[in-house]
Amino acid sequence: MIQAIGRRAVTAVEAVGQVGHFFQDMVRALPDVRTWVGPAIVQMRRVGVDSLPVALFIAAFTGVVLALQASYTFTGAVPLYFVGTLVGKTMMLELGPVLAGLALAGRVGASMAAELGTMKVTEQVDALETLAYDPYAYLVVPRVIAGTLMFPIIVAFAMATGIVTGWLTSLALLDLSTNDFLKGLKLFYVFKDIWFGLFKSATFGFTITLVGCIVGLDTRGGAQGVGRATTHAVVYSAILILVLDAFWAVVLL
Amino acid sequence: MIEFQDVHKAFGPKRVLEGFSLKIRDGETVVVIGFSGSGKSVALKHIVGLLHPDAGDVIVDGQAVSTLDRQGLTAVRRTIGYVFQFAALFDSMTVAENVGLGLRRRGLSAEEIEDRVREALALVDLSGTDDQLPAELSGGMRKRVGIARAIALRPRYILYDEPTTGLDPVTSAVIDRLMIRTREHLGVTGVVVTHDMRSAYTVGDRIAMLYEGKIRQVGGVTEIQETEDPLVRQFIEGRPE
Ligand SMILES: Nc1ncnc2c1ncn2[C@@H]1O[C@H](COP(=O)(O)OP(=O)(O)O)[C@@H](O)[C@H]1O
Ligand SMILES: [Mg+2]
């Protein structure tokens, strides 16, 4: 029993050490701008194209549900225009970033882990090294940069979409006027709502792509290994997103 | 010259190389034979610093590979072309991009790269496949692209990891001829890892057998063919016992 705990602890410490090393290699590769800038643009486009439809789809339905649930909860005790407040605040602060983050962990994170995992087990990563390319500069940095920069943009669109569908729902189903919705939306709005949500999104994008790359490049054992890496990437980044979300709430709110 | 000096390498409890020593002289082609899983690929990866020895070292042109910093290692890697077992072509790139990738890294101009790519593809009889993707090629063609990618760099050394494994006899013979042609054209020194004895006899000047982490026997082709070591005999004749 104690031995088992000991072994786990050692594994955990090793994992942290491994991430540390990975991070160091990534930072070392940063000055090699010529190598990563081209692939980074390709990856940014890919992250955008892969994620935007999913993120908007989720946000659209979330906006509808938020509006309906708000009015259901208020039941006359709270003025109905607070629906606008609740939809806006929730989309910006929490559901926009987190739902998009979780969905994209499954999409972007998984596809990066699968791609790099395949490259690893088919020796493409070794081949890059023998051709004098640094895999961190060529593969990792572009992906992490793409994730960190693109996520806030995607989430900004998601926030807007959710608020718009929330507003449309209020108009159509809740007898709320546009003016009242906007009044509610502006009521407690502070600029921090937006930047907090977008900053959080950037950290989620960073985390998802970093985990995808770490897990992908650590892949061993053929097609099975690639499958395992993909699942791990999704699970780890989903957990990390929720932990980070709580962390930022404690630290920044 | 490439020289393995008493190289030891283990993965956890699994000892793969245990005192591996072998000298590859300039201009010759040495074939390393051995059972699957005996550590042939592991040995090759030590030459380019993809793996680091636990003890001992590999000396390339007088430099101990494991002691080099990144720049030193990059310099050594530039003298070596590596042909991977399953070609390790980049899936998302065309044939020409694959062959040209290493050249781009060296800062050659676009025209120079184009010339060299054309020349390398011609040497492996794949002219005109420039715009195809690896997925559209047969196994033998992929291997040839892998060889073209290595020779486009005009290296001093080429390392081949099982170049004929998994290919039909005719395609294997094509690859053998290609390795010989490459050597004649570029004067490269070669290390070929294989368990295909026909290929070993065709391309090798000397043959070395890796067994239990060490070189069991090394010698010229006829010397190996006439060996009295029962284990080497068994391997080259492909007998079950
Ligand atoms: N990166 C690695 N991590 C752990 N074990 C490895 C690694 N590379 C090779 N091995 C093990 O080393 C042994 C020799 O492998 P290899 O050199 O690929 O054999 P072969 O002679 O068939 O090329 C095998 O048992 C393999 O499982
Ligand atoms: Mg092998």
Item to check | Tally of Lys pairs whose C-alpha atoms are under 24 Å apart, taken over chain A, 8 or more apart or cross-chain | outcome: 7
Checklist outcome for this item: So the angle from the long Cα axis of helix A:178-187 to the longest Cα principal axis of chain A, reported in degrees to the nearest 10, equals 60 degrees
Item to check | Simple spin-label estimate for B:Arg181 and B:Lys214 in nanometres, 7 Å along Cα-Cβ | outcome: 4.1 nm
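Could you work out the helix-only [θ] at 222 nm for chain B, with each DSSP H run of four or more residues adding -39,500 (n - 2.57) and the total divided by the number of residues, to the nearest 500 deg cm²/dmol?
Numbers: 9 runs with 92 residues, N = 241.
Mean residue ellipticity at 222 nm (helix-derived): -11500 deg cm²/dmol.
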Item to check | A:Gln3/A:Asp25 FRET efficiency (R0 45 Å; Cβ-Cβ; nearest 0.05) | outcome: 0.85
Checklist entry - Amide H to amide H under 5 Å from B:Gly19: which residues, 5+ apart in sequence or cross-chain, H placed 1.01 Å off N in plane? => result B:Val7, B:His8, B:Lys9
Checklist outcome for this item: In degrees rounded to 10, the 0-90 angle between helix B:95-105 Cα long axis and the longest Cα principal axis of chain B is 80 degrees
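Could you work out the mean count of beta carbons from other protein chains within 10 Å of each residue's beta carbon in A:129-139? Spell out each step's value before the answer.
Details: counts 8, 19, 15, 11, 6, 2, 0, 0, 0, 2, 0.
Mean shielding by partner chains, rounded to a whole number: 6.
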Next on the checklist: What is the sum of charges, Lys and Arg at +1 and Asp and Glu at -1, for the other residues whose Cβ falls under 15 Å from the Cβ of B:Leu108?
Outcome noted: +3
Checklist outcome for this item: Any residue on another chain or 5+ positions along whose placed amide H is under 5 Å from the amide H of B:Val192 is listed here as B:Val30, B:Val31, B:Val32, B:Tyr160
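If I stretch the segment between A:Tyr72 and A:Leu173 completely, what's the gain in nm (0.36 nm per residue apart, minus their alpha carbon distance), one decimal? Present the calculation step by step, with values, prior to reporting the outcome.
Numbers: separation 101, 0.36 × 101 = 36.36 nm, distance 1.17 nm.
Between A:Tyr72 and A:Leu173, full extension yields 35.2 nm more.
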Checklist outcome for this item: For chain B, longest principal axis from Cα atoms; helix B:139-151 axis from its Cα atoms; angle between them, nearest 10 degrees, is 80 degrees
Item to check | B:Lys23 paired with A:Arg45, simple spin-label distance in nm, labels 7 Å along Cα-to-beta-carbon | outcome: 5.4 nm
Checklist outcome for this item: Computed over the protein assembly as shown, protein heavy atoms only, probe 1.4 angstrom, the accessible area per residue in square angstrom equals 46 Å²
Checklist outcome for this item: In nm, the gap between the two label points placed 7 Å beyond Cα toward Cβ at A:Ala60 and A:Tyr189 is 2.3 nm
Item to check | Cα coordinate range in the protein assembly as shown, projected on the principal axes (Å, largest first) | outcome: 99, 62, 41
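The values are calculated or read from the model by the stated rules, or taken from the named source; none is laboratory data. From a predicted model like this one, the values you see are computed outputs, not experimental measurements. Cβ sites come from the backbone with ideal geometry, for glycine too, and all protein chains shown count toward neighbours. In case anyone asks, the SASA skips ligands and DNA or RNA and just uses the protein heavy atoms, side chains included. Shrake-Rupley method; radii C 1.70, N 1.55, O 1.52, S 1.80 Å.
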